[in-house]
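Every read-out reported here was derived from the displayed coordinates using simple, explicitly stated rules and does not represent laboratory data. Just so it is clear, the model here is predicted, and its values are computed rather than measured. Cβ sites come from the backbone with ideal geometry, for glycine too, and all protein chains shown count toward neighbours.
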Amino acid sequence: MKSIKNLLRNRDFILLLALALGLTLGQGARWTERAVVPALAVVMVLSTMGVSGSIFLSPRQLWMPALAGLAMSYGVLGSLLLGLNFLFIHDAALRHGFIIMAAVPPAIAVIPFTFLLNGNSAFTLIAAIGCYLGALLLTPLIILWFIGPGFIDSGKILTIMVELILIPVILSRILLWSRISERIEPAKGAITNWSFFLVVYTIVGLNRDILFAQPLAFLPAAFIALASTFVLGFVIEWTCRFFRLDAKKVISLILLGTHKNTGLAAGLALALFSEKTAVPATISTIFMLVYIIWLSVKQRWDR
């Protein structure tokens with residue numbers, strides 16, 4: 001009984017279970033789809049409770065993480081996606097999909113993932129905020145430059161910022177000031193892990209059919225997704241270790257440099273083009289989730 005209880009608390013097992021169930025029994029994802037944003041918001045509240053409010057009082061502490069976030073998400077990851085896209089993708093719909101992927105900011109989940117992997121949560125939070133502010137200008141510019149004129153919903157980016165960054169940060173401050181956070185602390189790990197279970201299961205479940213329908217047709221897209229997660233993550237880690245950067249900051253930089261907001265990318269792809277244009281975001285989502293599981297397992301091996 002004790003071993004089962006320990007297994008149900010193990011984050012690696014929980015993430016692998018979510019991935020397996022999403023691929024085999026993904027029909028239930030239609031029912032859990034609406035719970036994804038609230039689940040991510042809960043994790044955001046919990047993960048930002050450990051971030052000191054003093055970081056927002058010093059402008060000097062804000063500029064460097066914000067610029068680092070923009071450099072990793074757009075300079076490194078965005079450039080790689082665009083370069084590999086024009087080299088290996090010849091289908092116009094898929095090519096447009098990867099351009100949109102390069103144009104969107106990092107995944108909101110990089111903040112709770114940083115907390116999950118014991119990274120520098122404050123650094124990632126500020127970097128993500130900087131990226132989303134920058135995305136209001138960069139996202140439409142990149143899409144217009146590489147695809148042409150079209151409708152870009154900047155309001156959607158603002159909504160995501162409010163729902164998944166601003167409100168959770170405010171709630172985390174309220175929990176800290178009221179000392180309710182002390183009561184939540186013992187259950188924080190379990191709540192975080194099972195919230196991620198819901199998110200991973202839903203994303204994989206919603207996209208399983210498109211993966212099983214024509215798997216060979218999407219091999220070039222899968223190659224780019226692999227290169228922009230596992231391969232790029234290794235390069236970023238090696239570079240950071242070479243320059244002897246702080247281990248917690250290394251985790252933040254890896255996540256910022258390998259995770260794009262695929263949900264936003266898929267939404268823009270569907271709004272501007274077609275379901276096929278959303279395929280790169282779908283495939284990248286799967287690879288990013290597997291990569292997170294790998295980082296979690298690797299971290300345990302390295303201890």
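Would you mind estimating how fast the range 11-302 diffuses translationally, via Stokes-Einstein at 4 °C and 1.567 mPa s with the Kirkwood radius over Cα pairs, in µm²/s? Each step should come with its number before you reach the end.
Details: Rh = 19.2 Å.
Once the numbers are plugged in, D ends up at 68 µm²/s.
Please list, in chain and number order, the residues 5+ apart from residue 260 or on another chain whose amide H is under 5 Å from its amide H, with Hs placed from the backbone.
107
Please work out the C-alpha center-to-center distance from the range 193-228 to the range 73-126 and express it in whole Å.
Between the Cα centres of the range 193-228 and the range 73-126 lies a distance of 15 Å.
Among 298, 5, 188, which comes first, then next, by fewest other beta-carbon atoms within 10 Å?
Details: 298 11, 5 8, 188 17.
Neighbour counts put them in this order, fewest first: 5, 298, 188.
Over 29 Å between C-alpha atoms is what I'm after, so list which of 5/249; 188/249; 188/248; 188/298; 260/298 land there.
Working: 5/249 32 Å; 188/249 22 Å; 188/248 20 Å; 188/298 22 Å; 260/298 21 Å.
Beyond 29 Å: 5/249.
Among 288, 101, rank each residue by its count of other Cβ atoms within 10 Å, from fewest to most, as a rough exposure measure. Present the calculation step by step, with values, prior to reporting the outcome.
Details: 288 23, 101 28.
Listing 288, 101 from fewest to most nearby Cβ atoms yields 288, 101.
Quick one: 42, 104, 204, fewest Cβ neighbours within 10 Å first, how do they rank?
Values: 42 19, 104 30, 204 24.
So the ranking, lowest neighbour count to highest, is 42, 204, 104.
Which Cα, out of 258, 68, 247, lies furthest along the positive dipole direction of the chain (beta carbon charges, K/R +1, D/E -1)?
247
For the range 121-126, take each phi angle, set θ = phi - 60°, evaluate the Karplus expression 6.51 cos²θ - 1.76 cosθ + 1.60, and give the result in whole Hz per residue in order, putting x for glycine and proline.
Each residue's phi maps through the Karplus curve to give 5, 4, 4, 5, 4, 5 Hz.
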